[in-house]
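Before any comments, here is the structure.
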Amino acid sequence: MSQRILIIEDELKIARFLELELSHEGYEADQANDGREGLNKALANKYDLVVLDIMLPLMNGIEVLRRIRQSSEIPVIMLTAKDEVMDKVVGLDMGANDYITKPFAIEELLARIRNALRIKTQKQDGTKILAAGELKLDLDKYLVTYQNQAIELTKREFDLLRYMVENKNIVMTRERLLETVWGFDYAGDTNIVDVYIRYLRSKIDDRYNMKLISTIRGVGYVIKDED
Ligand code: CA
């Protein structure tokens, strides 16, 4: 059975484009064009994921998200404009699973959707182990191993590694890593991301003579894993 995605977006051109692209990818896509309709559909139907625009008529996306979260854990990916930084903060705080900034490449949105659905399935299966090749993260025990050898990480290093492995094969900008792993108290100071990437590399890449974390020049970092 194909997975069902609700698109809540008032710009009809974008909504139709997304519906078409998602159908093309094999999802069953549905759309709502204002916040109230979106909320009603999200609550009344069984969707696997919601793509939620922030600026919406009748009820804004943040309020829609808040109300969805009162009764549902469904993955929500927010669509935000570049200048809606505060909304992004509030949205993530309120339980949005991910966000993407307009204008976006459809391939990036599709990757984020696949990712959110994969994490959802892992949660349903009770999977508490994340993997990238022979690197394994035990989320219950906060334990990281490579070829069954334990690697000692601080909580922050673990959180950073976890987020990157959860989003493996997606290039993460420094800003995104900072926002999701550190939170907005650190907003702006992306140097700290580079510092922690260095810590991880010295504890994993250097020690095991491997290339776990790749630098994408001028963009950020990615953990690649062909599985
Ligand atoms: Ca809008």
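Readers should treat all values here as calculations from the given coordinates under stated rules, not as data from a laboratory. What you are looking at is a predicted structure, and each value in this text was computed from that prediction instead of being measured. Note: ideal-geometry Cβ built from the backbone for every residue, glycine included; neighbour counts use all protein chains shown.
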Rounded to 5, the percent of DSSP beta bridges in the chain classed as antiparallel: 50 percent
Between the Cα axis of helix 155-166 and the main Cα principal axis of the chain, the angle (0 to 90°, nearest 10) is 60 degrees
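By how many nm would the segment from GLU152 to GLU25 lengthen if fully extended, with 0.36 nm per residue of separation less the alpha-carbon distance? Write down the numbers at each step before the final one.
Details: separation 127, 0.36 × 127 = 45.72 nm, distance 4.04 nm.
That works out to 41.7 nm of additional length.
Given a cut-off of 28 Å, name the pairs among LYS120/LYS155; LYS123/LYS155; LYS120/LYS141; LYS13/LYS88; LYS41/LYS168; LYS82/LYS168 whose C-alpha atoms lie farther apart than that in the structure shown.
On the way: LYS120/LYS155 23 Å; LYS123/LYS155 21 Å; LYS120/LYS141 20 Å; LYS13/LYS88 23 Å; LYS41/LYS168 31 Å; LYS82/LYS168 24 Å.
Exceeds cut-off: LYS41/LYS168.
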So for the range 128-223, taking the charge dipole from beta-carbon charges (+1 Lys/Arg, -1 Asp/Glu), which of ILE151, ILE192, ASN209 sits furthest toward the positive end? ASN209
Taking placed amide H atoms and a strict 5 Å upper bound, the residues 5 or more places from ASN169 or on another chain that come that close are ILE223, LYS224, ASP225
Helix 191-200: inclination vs the chain longest Cα principal axis, degrees, rounded to 10, gives 50 degrees
Leaving out same-chain residues fewer than 8 places away, which aspartates and glutamates sit with a Cα under 12 Å from that of LYS46? GLU28, ASP30, GLU73
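Which whole-number percentage describes the relative contact order of the chain, with Cα contacts under 8 Å and a sequence gap of 6 or more?
Numbers: 325 pairs, mean separation 26.7, N = 227.
Contact order relative to length: 12 percent.
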Nitroxide proxy distance, nm - points 7 Å out along Cα→Cβ at ALA44 and SER202: 5.9 nm
Most fluctuating residue given options ASP98, ASP30, ASP140, as computed from a GNM of the chain linking Cα atoms under 10 Å: ASP140
In order through the range 3-17: 3J(HN,Hα) via Karplus (6.51 cos²θ - 1.76 cosθ + 1.60), integer Hz, x for Gly, Pro: 7, 9, 10, 9, 9, 10, 7, 8, 7, 4, 5, 5, 4, 5, 4
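With +1 assigned to the C-beta of every Lys and Arg and -1 to the C-beta of every Asp and Glu, and no other charges, what is the dipole magnitude of the range 82-206 about the Cα centre in debye, to the nearest 20? Let's see the in-between values first.
Working: 20 positive and 22 negative charges, 77 e Å.
Its charge dipole is roughly 380 debye.
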In degrees rounded to 10, the 0-90 angle between helix 35-44 Cα long axis and the longest Cα principal axis of the chain is 80 degrees
Dipole in debye (nearest 20) - the chain, about Cα centre, beta carbon charges: Lys, Arg +1; Asp, Glu -1: 540 debye
In whole angstrom, how far apart do the alpha carbon centroids of the range 78-118 and the range 123-172 sit? 22 Å
Dipole magnitude of the range 4-124 about its Cα centre (Cβ charges: Lys, Arg +1; Asp, Glu -1), debye to nearest 20: 440 debye
How long, wide and thick is the range 127-227, going by the Cα atoms along their three principal axes, in whole angstroms, largest first? 37, 27, 24
